[in-house]
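Undergrad: My questions all concern the structure below.
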Amino acid sequence: MRHFLDLWPLPSTELRSILDNAKSRKAARKELPRGAADRDAPLAGHTLAMIFEKNSTRTRVSFDMAIRQLGGSSLILTSSDSQISRGESIEDTARVLSRYVDAVMMRANRHADVLAFAEAAGVPVINGLTDKSHPCQIIADLQTLEEAGVQLAGARIAWVGDGNNMANTFIHGAPKFGYSLAVATPGGYDPDMGDVERARGEQGRIDLYRDPKQAVAGADVVVADTFVSMGDKDADKRLTDLGAYKVSGELMQLANGGAKFLHCLPAHRGEEVDADVIDGPQSLVFDEAENRLHAQKAILEWCFR
Ligand code: CP
Ligand code: NVA
């Protein structure tokens, strides 16, 4: 069973094959309407169920279009209108859905629930974001950087802001893809320090800073994300504590010339990033959003390889 739950268990060669497949599938269907299947339709007859315990625009639509373009179909459950919200266990839900569908994508509040779901499932399970990680997103992010000419091995990527699920996922990717990561967070907003140690143990270079200027100095890529993630209850405090970590045009100037800007979206202009950065020439955010579709297809195909 091939689950896509985090980058950790996948060797670099497998991750490289997913990234390359995302690029080649994107190139192979350039002239097709978006609703048409890829010519080889490798997942014809397959159905993906998607469970959402949290909101989504990109993940929901890109996975839906991804499975269609691979020749299959999808269905969507929200926890509020399924029996999950009435207390049916994650494990029973996994066992039952595994009798109906060929794969499950789950966006969960708690990372442990996706792991428990995968453990009980009889079909591949994909992590569509948890409080701990968002591995589908980083495949799209790294695809976007490579398409923009960034060579990942040896690149310097700066993460500025909250040490959240996306920060953790950039940490996971460092030893796999060979970029070095500079993370700038205020005290109390550190990324998962267990993940930092694990990445370092796998020869990943992770440098932690409090000062965003230090993190961004010499960076080829600057990454921001919302200061208030889904599930965070303390919005006002977060906006205050993280205010000095906004990616402004001035901060971008400290990065290497031509540095790229990424943000997984949704964005809050004027909070974690200024409009002139996210809407400016260094920003790749809409290519990044598009690449969720292509990356998802490569992840789905990998699950069935
Ligand atoms: N980036 C991302 O996962 O977006 P959604 O929350 O809209 O799915
Ligand atoms: N860190 C954000 C990412 C959204 C795609 C969140 O978890 O809400």
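The values are calculated or read from the model by the stated rules, or taken from the named source; none is laboratory data. Note that the coordinates shown come from a computational prediction; the quantities given were computed from them, not determined experimentally. Cβ placement follows ideal geometry from the backbone for every residue including glycine, while neighbour counts extend to all protein chains displayed.
Undergrad: Check off (1) touching a residue at least 24 places away in the same chain (Cβ under 8 Å); (2) more than 16 Å from ligand 2 (Cβ to nearest atom) for Thr57 and give me the number that stays unchecked.
TA: Going through (1) touching a residue at least 24 places away in the same chain (Cβ under 8 Å); (2) more than 16 Å from ligand 2 (Cβ to nearest atom) one by one, Thr57 breaks only (2).
Undergrad: Out of all the residues in the range 150-170, which are away from ligand 1 (no atom under 16 Å from the Cβ) and either within 17 Å of Asp211 (Cα to Cα) or in contact with a strand residue (DSSP E or B) (Cβ under 9 Å, 6 or more places away or on another chain) (or both)?
TA: Of everything in the range 150-170, those that are away from ligand 1 (no atom under 16 Å from the Cβ) and either within 17 Å of Asp211 (Cα to Cα) or in contact with a strand residue (DSSP E or B) (Cβ under 9 Å, 6 or more places away or on another chain) (or both) turn out to be Val150, Gly154, Ala155, Arg156, Ile157, Ala158, Val160, Gly163.
Undergrad: Considering only the range 272-305, how many residues are in contact with a Gly (Cβ under 8 Å, 6 or more places away or on another chain), part of a loop (DSSP other than H, G, I, E, B) and either of a type in the set (S, T, N, Q) or away from ligand 1 (no atom under 16 Å from the Cβ) (or both)?
TA: 3
Undergrad: Further question: State which residue is nearest to the chain's Cα centre (by Cα) when the search covers only the range 123-165 and only residues that are away from ligand 2 (no atom under 16 Å from the Cβ) and free of Cβ contacts under 8 Å to residues at least 60 places away in the same chain.
TA: Leu152
Undergrad: Report whether or not Val104 is assigned to a strand (DSSP E or B), in contact (Cβ under 8 Å) with a residue 40 or more places away in the chain and either away from ligand 1 (no atom under 13 Å from the Cβ) or not small (Gly, Ala, Ser) (or both).
TA: yes
Undergrad: Something else now. Do we have Met1 as out of contact with any Asp or Glu (no Cβ under 7 Å at 6 or more places or on another chain), of a type in the set (A, V, I, L, M) and modelled with pLDDT under 95 here?
TA: The answer is yes for Met1.
Undergrad: Also, quick follow-up: Can you tell me which residues in the range 250-270 are within 16 Å of ligand 1 (Cβ to nearest atom) and buried (at least 18 other Cβ atoms within 10 Å of the Cβ)?
TA: Passing the criteria: Phe261, Leu262, His263, Cys264, Ala267.
Undergrad: Can you tell me which of Ile84, Ile67 is crowded, with 17+ Cβ neighbours inside 10 Å and at pLDDT below 95?
TA: Ile84
Undergrad: Test Gly45 against the criterion of being at positive phi and either touching a Phe, Trp or Tyr at 6+ places or on another chain (Cβ under 7 Å) or surrounded by fewer than 12 Cβ atoms within 10 Å (Cβ to Cβ) (or both), and give yes or no.
TA: Yes, satisfied.
Undergrad: If the requirement is being more than 23 Å from the chain's Cα centre (by Cα), away from ligand 2 (no atom under 16 Å from the Cβ) and aliphatic (A, V, I, L, M), which of these qualifies: Leu97, Leu77?
TA: Leu97
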